[in-house]
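To start, the structure itself, in structure tokens.
The values are calculated or read from the model by the stated rules, or taken from the named source; none is laboratory data. It should be emphasised that the depicted structure is a prediction, and the values quoted were computed from it without experimental measurement. Glycine gets a Cβ as well: all are built from the backbone with ideal geometry, and neighbour counts include every protein chain shown. Areas reflect the complete protein model, heavy atoms only, side chains present, ligands, DNA and RNA absent. Shrake-Rupley method; radii C 1.70, N 1.55, O 1.52, S 1.80 Å.
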Amino acid sequence: MTESKRQKPRLVADKRYPSKGRKPSAPKRPSGKKSTARKTTTRKTTRKTKRKRSGGNGGGFFRRLFRWIWRLIWGLTWRVGAIVVALIALAVGIVYTTLPDVDALLDGRARGSVTLLDRDGKVFAWRGDQFGGVITADTVSPHLKNAVIATEDKRFYRHFGVSPRGVASAVRINLSEGRGPLSGHGGSTITQQTAKLLCLGEPFDPSEWESEAAYEADCRQGSLWRKAKEAVYAMAMEVKYSKDEVLTIYLNRAFLGAGARGFEAASQRYFGKSAAEVSPAEAAMLAGLLVAPTRYAPTNNLQRSQDRARLVIGLMEDQGYLTAAQASEARTRPAELSEAAAARAGGYFADWVMASGPEFFTRNTTEDVVIRTTLDQRIQTSAEEALKFIFQEKVREGSEAQAAIVVMSADGAVRGMVGGRKTRVSGAFNRATQALRQTGSSFKPFVYATALELGYSPLDTVIDEPYCVNIPGSGQWCPKNYTNKFYGQVTLADALMNSLNIPAVKVAEISGLDNVRTVASGFGIASDLAQGPALALGASESTLIEMTGAYAGILNGGSAVEPYGLTELKLLGDDTPVMVTTTGIGERVINDAAAKQLTWMMERVVSEGTGGRAKLPGWQVAGKTGTTQAARDAWFIGFTADYVTGVWMGYDDNTPLSGVTGGGLPAEIWKETMLRVTEGITPTPLPMMAPEPPVQVAQPQPRRRGGGFAEDINNLLRNIFGGN
């Protein structure tokens, strides 16, 4: 045979994989029974394999049905998914076109702020929505930036505005704690929170909302639809702005308690420093406010705020923002409030200034306003400490009695104010300015001021004896002295010194009740004054600040006084003041000689009479006690040459005081206050003048039952001028 006809040997690959369309040759089988058995076995195996592959007619049908359903679901899913993605992309694109520049989003307050300065120009209180100025992610303290990210969104720089992992984790936590999937933890990123702070781009419109609070509540709602819109808005922000720009908006817009909007305002509010300068401990406290600003505000509860800050410090350490040594230092030395922040928003005085100033620059200002006031923080502290001392040392434990204090200069400049026993409050009922109470004998100086203005002398006499007056419509009224005794003929000075009632009523009638009302209202007592003779005994109601201002008129020589606390009002950034107040002194009410003689009479009240507990070592003090019927109100108002201080004590519900008169605890509160106020000050003599002995003795006569007012006037004129 030739070489071409010779059969070629098969390759190994040919043996393993037969050629296409060519059946492999069957191996030769030896003859015999073994061959038959093998053939039978092969046929059975072939049939079994075919059945296994085909799975029978039923199995193949269900397999094909399953494949068809799966292809249908997959086809619908990716098509629907593609549509959803396209719609989201479209929505993101639409929102993107509405987003303004970053600078337009940093201060979104609907109203302005008021910063209050004391007489030395130091900040002591804030009101309104405080905005400390723009900060950025680059200029803020790195510790603060890290604290915010560690607390609110540790994946901030890695997500696209929404964190599916964070949402899933929040849902899991909410369900495990027995809440709804969207109740409680929201899993919101910083970008989503910023979108919420921006109210998804919807500005506050006063014409559409009942209040700003209602608007903000709507912005914070957590419905599923709202969450979806929030996610779209957040993704649009991620496209429009850089991560640091988003963080900058957040740092400037977040509410952090006590009226502070943004971390710069909060840092200034709580620590008296810029947000660029805060320490790790301070940064942790500020970041800790984000979860619940009002609850964790350090001005509300410093310990609770410090405890929250420790948790934030732990997060910062776990995420590598603080070393173990830095974290330990921050825990060991927690953040403390500045002196101004510790005063808790200036309390009663700040509230009074805000209420008495022009509304469009105080309560409802849309501008940022700076107000300089008359407050002396040393005097304010003196009053607060004095009140606390007396109630701790001399008032029974559990007593619900209240007290108020006002300290002012002779021109009406209020230097300190305490409106109740809880001194570290804001927005509380102010008993110094809002409580109308009967004045009692503290009103008597205005009766004698009227008499002195009419020409009477402090050494003129009046008879203290049983005395009755017929009051139309009320019948006979017979006043009595506090001691239930009568002292016969007494000088006007002695009558005031011992707070005798009958002489005061007689002098008021002789001087003319209308004249007394004119003098009292001229000195600033603006409340309705009683019409009958009980006016002389303080039956009218007044506020403590009115009464203290009226006494300031006596100290300054007889001119009216309008108590004031605002000295200068400026818009933030302007050098020219909008308002300036330099004095509260008004028109003259009584002449200078009468005022100085009245001061002499009132000095004897303290040095020799009912106000003895108010004596101040080394100082001349003039004042007057006051106790109303059934001891429902107790007063002591007095002055040195420098300051007038008024004290009121009583119960809010008019419950009678137990064993308290104006010469008791109120006088002691006055003394404790003035001991602190005058510390380190050289004593100055009072502007008073002792009277000269009278040439003629004026003798006001008691009204007899059968006599008339005209006869009393005739007798008075005879006594003054002589003759028949």
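Find the residue count for the range 349-396, including only residues that are outside any helix (DSSP H, G or I) and charged (D, E, K, R). If you could, list the steps in order and put the result at the bottom.
Taking the range 349-396 as the starting set, the residues that turn out to be outside any helix (DSSP H, G or I) are 357-358, 362-376, 395-396.
From what's left, charged (D, E, K, R): 363, 367-368, 372, 376, 396.
Count: 6.
In this structure, is S279 open to solvent by 10 Å² or more (accessible area, probe 1.4 Å) and either within 28 Å of L117 (Cα to Cα) or of a type in the set (F, W, Y) (or both)?
Details: open to solvent by 10 Å² or more (accessible area, probe 1.4 Å): yes; either within 28 Å of L117 (Cα to Cα) or of a type in the set (F, W, Y) (or both): yes.
Yes.
From N481, N470, N556, grab the single residue that is under 30 Å from W352 (Cβ atoms), in contact with a strand residue (DSSP E or B) (Cβ under 9 Å, 6 or more places away or on another chain) and not acidic (D, E). Break it down stepwise before answering.
Numbers: N481 fails: under 30 Å from W352 (Cβ atoms); N470 fails: under 30 Å from W352 (Cβ atoms).
Answer to the selection: N556.
If you go through the range 674-688 one residue at a time, do you hit one that is open to solvent by 40 Å² or more (accessible area, probe 1.4 Å), under 14 Å from G623 (Cβ atoms) and assigned to a loop (DSSP other than H, G, I, E, B)? Can you show your working first?
Pass one, the range 674-688, residues open to solvent by 40 Å² or more (accessible area, probe 1.4 Å): 675-676, 679-685, 687-688.
If we keep only those that are under 14 Å from G623 (Cβ atoms) as well, we get 688.
Subsequent filtering for residues that are assigned to a loop (DSSP other than H, G, I, E, B) retains 688.
Looking for residues that are open to solvent by 40 Å² or more (accessible area, probe 1.4 Å), under 14 Å from G623 (Cβ atoms) and assigned to a loop (DSSP other than H, G, I, E, B), one finds at least one in the range 674-688, hence yes.
Could you figure out which of (1) more than 26 Å from G346 (Cβ to Cβ); (2) touching a Leu at 6+ places or on another chain (Cβ under 8 Å) isn't true of Y215?
Exception for Y215: condition (2).
In the range 457-467, which residues are open to solvent by less than 30 Å² (accessible area, probe 1.4 Å) and touching a strand residue (DSSP E or B) at 6+ places or on another chain (Cβ under 8 Å)? Lay out the reasoning, then the answer.
First, the residues of the range 457-467 that are open to solvent by less than 30 Å² (accessible area, probe 1.4 Å): 457-458, 460-462, 464, 467.
Listed by number, the residues that qualify are P458, D460, T461, V462, D464.
Out of (1) at pLDDT below 95; (2) open to solvent by less than 30 Å² (accessible area, probe 1.4 Å), what's the single condition that is false for Q531?
Here Q531 clears every test but (2).
Would you point out the residue of the range 575-589, among those that are in contact (Cβ under 8 Å) with a residue 24 or more places away in the chain and part of a loop (DSSP other than H, G, I, E, B), that is surrounded by the fewest Cβ atoms within 10 Å (Cβ to Cβ)? Can you show your working first?
Here is the first cut: in the range 575-589, the ones in contact (Cβ under 8 Å) with a residue 24 or more places away in the chain are 578-579, 583-589.
Those still in the list that are part of a loop (DSSP other than H, G, I, E, B) too: 578, 583-584, 589.
Numbers: V578: 14, T583: 16, G584: 25, V589: 26.
Per the criteria, the residue is V578.
Among what's in the range 75-118 and is over 24 Å from G262 (Cα atoms) and either in contact with a strand residue (DSSP E or B) (Cβ under 7 Å, 6 or more places away or on another chain) or among the small types (G, A, S) (or both), pick the residue that is surrounded by the most Cβ atoms within 10 Å (Cβ to Cβ).
Going through the range 75-118, the residues over 24 Å from G262 (Cα atoms) turn out to be 75-97, 118.
After this cut, where a residue has to be either in contact with a strand residue (DSSP E or B) (Cβ under 7 Å, 6 or more places away or on another chain) or among the small types (G, A, S) (or both) as well, the list is 75, 81-82, 86, 89, 91, 93, 118.
Numbers: G75: 10, G81: 10, A82: 10, A86: 10, A89: 13, A91: 17, G93: 11, D118: 22.
Per the criteria, the residue is D118.
Please find, within the range 207-247, the residue that is least open to solvent (accessible area, probe 1.4 Å) out of those that are more than 19 Å from T189 (Cα to Cα) and polar (S, T, N, Q).
Only one residue tops the list, namely S211.
Among the residues of the range 539-556, are any part of a loop (DSSP other than H, G, I, E, B), in contact with a Lys or Arg (Cβ under 7 Å, 6 or more places away or on another chain) and either free of Cβ contacts under 8 Å to residues at least 24 places away in the same chain or not hydrophobic (A, V, I, L, M, F, W, C) (or both)?
For the range 539-556, residues part of a loop (DSSP other than H, G, I, E, B), in contact with a Lys or Arg (Cβ under 7 Å, 6 or more places away or on another chain) and either free of Cβ contacts under 8 Å to residues at least 24 places away in the same chain or not hydrophobic (A, V, I, L, M, F, W, C) (or both): absent.
Assess whether A342 counts as being over 17 Å from the mean Cα position of the chain (by Cα) and either in contact (Cβ under 8 Å) with a residue 40 or more places away in the chain or at negative phi (or both). Reasoning before the result, please.
On the way: over 17 Å from the mean Cα position of the chain (by Cα): no; either in contact (Cβ under 8 Å) with a residue 40 or more places away in the chain or at negative phi (or both): yes.
Considered against the rule, which asks whether it is over 17 Å from the mean Cα position of the chain (by Cα) and either in contact (Cβ under 8 Å) with a residue 40 or more places away in the chain or at negative phi (or both), A342 comes out as no.
So is A539 of a type outside the set (D, E, K, R) and surrounded by fewer than 21 Cβ atoms within 10 Å (Cβ to Cβ) or not? Talk me through it step by step, then tell me what you get.
Working: of a type outside the set (D, E, K, R): yes; surrounded by fewer than 21 Cβ atoms within 10 Å (Cβ to Cβ): yes.
Yes: the conditions hold for A539.
Give the residues of the range 304-350 that are open to solvent by 80 Å² or more (accessible area, probe 1.4 Å), within 26 Å of Q380 (Cβ to Cβ) and touching a Pro at 6+ places or on another chain (Cβ under 9 Å), sorted by residue number.
Once the filter is applied, which keeps residues that are open to solvent by 80 Å² or more (accessible area, probe 1.4 Å), within 26 Å of Q380 (Cβ to Cβ) and touching a Pro at 6+ places or on another chain (Cβ under 9 Å), the range 304-350 yields only E336.
If G398 satisfies every condition in (1) exposed (fewer than 14 other Cβ atoms within 10 Å of the Cβ); (2) under 26 Å from T583 (Cβ atoms) but one, which is the exception?
That leaves (2) as the condition not met.
Would you pick out the residues in the range 514-528 that are surrounded by 21 or more Cβ atoms within 10 Å (Cβ to Cβ) and in contact with a Leu (Cβ under 8 Å, 6 or more places away or on another chain)?
Result: V516, A520.
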